[in-house]
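These notes concern the structure reproduced below.
Every number in this text was worked out from the coordinates using simple rules, so none of it is lab data. Bear in mind that the values here come from a model prediction, so they are computed numbers and not experimental data. Heads up, the Cβs are rebuilt from the backbone with ideal geometry, glycines too, and the neighbour counts pull from every protein chain shown.
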Amino acid sequence: MSKTADTVVIGGGIIGAATGYYLAKMGHKVVLLERDFPCSGSTGRCIGGIRAQFTHDLSIRVMLESIRIFSKLGDELGQSVEWHQGGYLFLAFDLERKKAFLDAIRIQQGYGLNVEFISADKCGQIVPGLDQEGLVGGAYCPTDGQADPFKVTYGYLAGIKRLGGEVLVRTEVKQVRVRRGRVVSVVTDKGDEIFAPNILNAAGCWADDVGKMVGVEIPVKADRHESLVTESVERLFDPMLVDYRSDGCYFVQHIGTGHFIGCYTPVPLVPGLQIDSSDEFITEMPRRMVRLVPKLGGVKVLRQWAGSYGMSPDGSPLCGKTPVDGFYVASGMSGHGFMFGPAIGKLMAELIVSGEPSLPLDQFALDRDFSKAEAMK
Ligand SMILES: Cc1cc2nc3c(=O)[nH]c(=O)nc-3n(C[C@H](O)[C@H](O)[C@H](O)COP(=O)(O)OP(=O)(O)OC[C@H]3O[C@@H](n4cnc5c(N)ncnc54)[C@H](O)[C@@H]3O)c2cc1C
């Protein structure tokens, strides 16, 4: 069977879903192909944190746009996405970290972000029960927040269908056909061919496999990250708490249910696509949470799981055109793809439809200089 579309989107995570939605809204006939089920990749394993506290120029501007979209997304999609503007509090336990945060804050305030360095006492007021032992203070931005990755992604997918597009699950792209340097079609594992002048590679950690189908290298490498969720408890505090120490962690209380959900970045990193759960995480993570907020002692863990961060070489997304005409990429979200999703989706759709996104995406281009890494990873 063959069919046609204006744009074929490969991948049913947040990036494919958001881009497909904005494309459909701009009048494109969209066919989105997901080899498994929506959110089966990294998106369904993410903890829903959303922040504009970055140091990279375009990341900050994209996140200001994403937060603007998140704040109205429930109305736009006609369903709650559990958006809650509870803030992010990055804790500093030494003067070197404080200086790094102050440098970042200076950059962020230049974009009008409401962020400041607050004292240890003020941190304790925002997070009642926080152990202030050794705490120097924290970088606090009250306009950061959280939302539900499933509700956001499924909301965008429903929007694609409402706008006349198609979402085909359990459908894997096996081949991307190119003629005279231009994309022509994709061929699926069911043998169907879908012809389109535009093809978006939104395959997350697998973007390099899809890129290879047209001879384009996408420098994305997967690292394993683990998470847990606790039983629900009375409301304790609002912000995502981030401890950047080598034995630190980050966690937030879910606004709707009262569960705590959190992760840490392992040292050393665990490269590769395996998403097994470790004994180390399930013993270490609760210890780290209780060290920061002792009154969490005794709260039971319900579940642990793991997923992958699709890392680019410098920790910023890979978005834009490729050397093959009509073949676009939006991948390498480096652990921040959920929060980037709404704005990246809108900007990629503008790029595909008009060639001119409302924020130029050059700083995320595939052929950029990767030597300057994001400091607020
Ligand atoms: C533990 C953990 C916590 C996280 N917490 C946060 C957070 O708080 N905030 C945040 O912003 N981000 C967070 N992230 C990162 C975030 O989950 C990712 O950056 C984001 O989900 C990437 O979305 P994506 O659409 O690019 O990729 P994915 O969600 O992986 O989607 C890609 C999809 O492509 C499909 N696919 C691949 N190849 C093919 C093919 N050939 N044909 C068809 N389909 C294909 C896959 O099945 C997959 O569903 C977290 C990640 C993890 C693992």
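Below, the figures for the structure above:
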quantity	calculated
Under 25 Å from residue 25, Cα to Cα: lysines that are on another chain or at least 8 residues apart	3, 72, 151, 161, 321, 346
Hits among aspartates and glutamates - C-alpha to C-alpha of residue 98 under 19 Å, sequence gap 8 or more where chains match	116, 121, 131, 133, 243, 247, 374
Taking the C-alpha atoms of the stretch 256-377, convex hull volume expressed per residue in Å³	161
For a label point 7 Å along the Cα-to-beta-carbon line of residue 235, residues of the stretch 84-109 with backbone N under 20 Å	84-89
Dipole of the chain, positive direction: furthest Cα of 198, 56, 255, with charges on the beta-carbon	198
Ellipsoid semi-axes in whole angstrom, largest first, where each is sqrt(5λ) of the Cα gyration tensor of the stretch 1-73	27, 16, 10
The stretch 132-273: Rg to Rh, with Rh as the Kirkwood radius over Cα pairs	1.09
Förster-model FRET efficiency, 30 Å R0, residue 131 and residue 276, C-beta, rounded to 0.05	0.40
Set of aspartates and glutamates with alpha-carbon distance to residue 221 below 14 Å, sequence-local pairs under 8 removed	208, 209, 314
Whole-number D in µm²/s for the chain (Stokes-Einstein; Kirkwood sum over Cα pairs; 25 °C, 0.890 mPa s)	116
Residues 319, 39, sorted so that the one with the fewest Cβ neighbours within 10 Å comes first	39, 319
Dimensionless Rg ratio for the stretch 178-222, taking C-alpha atoms and the 2.2 N^0.38 Å reference	1.20
Degrees separating the helix 14-25 axis from the principal Cα axis of the chain, which is the longest one	50
The stretch 256-319 versus the stretch 55-97: alpha-carbon centroid distance in Å	20
Distance histogram for the stretch 58-208 (every C-alpha pair counted, 10 angstrom bins, percent rounded to whole numbers)	9, 24, 23, 21, 14, 8, 0
Chain lengthening between residue 372 and residue 303 when straightened (0.36 nm per residue, less Cα-Cα)	21.2 nm
Percent of beta bridges antiparallel (DSSP, the chain, rounded to nearest 5)	70
Unit charges on C-beta of K, R, D, E only; dipole of the chain, Debye	660
Ellipsoid semi-axes in whole angstrom, largest first, where each is sqrt(5λ) of the Cα gyration tensor of the stretch 218-307	24, 13, 13
Order of 321, 295 - criterion: other Cβ atoms within 10 Å of each residue's Cβ, fewest first	295, 321
Paramagnetic reach from residue 295 (point 7 Å along Cα→Cβ, amide N under 11 Å) across the stretch 224-255	234-237
